[in-house]
1. When you check residue 12 against the structure, is it in contact with a strand residue (DSSP E or B) (Cβ under 9 Å, 6 or more places away or on another chain), surrounded by 10 or more Cβ atoms within 10 Å (Cβ to Cβ) and under 19 Å from residue 115 (Cα atoms), yes or no?
2. List the number of the failed condition for residue 3; all other conditions in (1) in a loop (DSSP other than H, G, I, E, B); (2) within 17 Å of residue 115 (Cα to Cα) hold.
3. Give me the residue from region 32-58 that is surrounded by 14 or more Cβ atoms within 10 Å (Cβ to Cβ) and aromatic (Phe, Trp, Tyr) and, out of that set, farthest from residue 115 (Cα to Cα).
4. Go through region 92-113 and give me each residue that's out of contact with any Pro (no Cβ under 6 Å at 6 or more places or on another chain), surrounded by fewer than 19 Cβ atoms within 10 Å (Cβ to Cβ) and not β-branched (Val, Ile, Thr).
5. Any chance region 59-66 includes a residue that's among the charged types (D, E, K, R), without any contact (Cβ under 8 Å) to a residue 24 or more places away in the chain and out of contact with any strand residue (DSSP E or B) (no Cβ under 6 Å at 6 or more places or on another chain)?
6. If you check residue 104 against the conditions, is it within 15 Å of the chain's Cα centre (by Cα) and within 20 Å of residue 25 (Cα to Cα)?
Amino acid sequence: MSEQETGNLFHWVDKHDKNRGWFLGPSSFIEIPWLQSENVEVKWNVKKRGWKHTQPQKHAKRTITILISGKVEIYFPSLDKKNVLSKQGDFSFHDSETMHITTVLEDCTTITIRY
């Protein structure tokens with residue numbers, strides 16, 4: 001069976017806001033079968049300047065965040081290291097054990113991939 005689909009992530013994320021931007025991932029929170037994957041999760045993330053995690057975050061998978069527009073700081077408390085993503089295409093990677101805090105320095109759009 002062949003399938004093809006097209007769309008716009010800004011509109012898709014608005015329509016499926018309960019997914020918090022995640023559009024590819026486990027069937028437990030992605031309802032559309034062709035967007036379900038147990039091995040990889042992908043998020044279209046649009047945030048306003050000043051948004052910040054209130055607590056350090058840690059995830060069960062490796063994570064890469066890629067900047068599309070804006071400016072984002074990702075701080076790793078245990079490493080005392082800050083990655084500032086400021087140019088389109090800048091990215092930050094961390095493994096599943098590394099705690100991080102994200103702060104939006106300018107309105108931004110990112111793609112986050114967990115695998």
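Coordinate-derived values only; no laboratory data. Since the structure is predicted, the reported quantities are computational estimates derived from the model, not experimental observations. Virtual Cβ from ideal backbone geometry, glycine too; neighbours counted across all protein chains shown.
1. Considered against the rule, which asks whether it is in contact with a strand residue (DSSP E or B) (Cβ under 9 Å, 6 or more places away or on another chain), surrounded by 10 or more Cβ atoms within 10 Å (Cβ to Cβ) and under 19 Å from residue 115 (Cα atoms), residue 12 comes out as no.
2. Unmet for residue 3, out of (1) in a loop (DSSP other than H, G, I, E, B); (2) within 17 Å of residue 115 (Cα to Cα): (2).
3. 51
4. Of everything in region 92-113, those that are out of contact with any Pro (no Cβ under 6 Å at 6 or more places or on another chain), surrounded by fewer than 19 Cβ atoms within 10 Å (Cβ to Cβ) and not β-branched (Val, Ile, Thr) turn out to be 93, 95, 96, 97, 105, 106, 107.
5. Checked against the condition, which is being among the charged types (D, E, K, R), without any contact (Cβ under 8 Å) to a residue 24 or more places away in the chain and out of contact with any strand residue (DSSP E or B) (no Cβ under 6 Å at 6 or more places or on another chain), region 59-66 yields no hits at all.
6. For residue 104, the condition - within 15 Å of the chain's Cα centre (by Cα) and within 20 Å of residue 25 (Cα to Cα) - is not met.
Residues are listed down the side, and each one gets a yes or a no for (1) in a loop (DSSP other than H, G, I, E, B); (2) surrounded by 13 or more Cβ atoms within 10 Å (Cβ to Cβ):
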| site | (1), (2) |
| --- | --- |
| 23 | no, yes |
| 27 | yes, no |
| 30 | yes, yes |
| 60 | yes, no |
| 64 | no, yes |
| 67 | no, yes |
| 72 | no, yes |
| 79 | yes, no |
| 84 | no, yes |
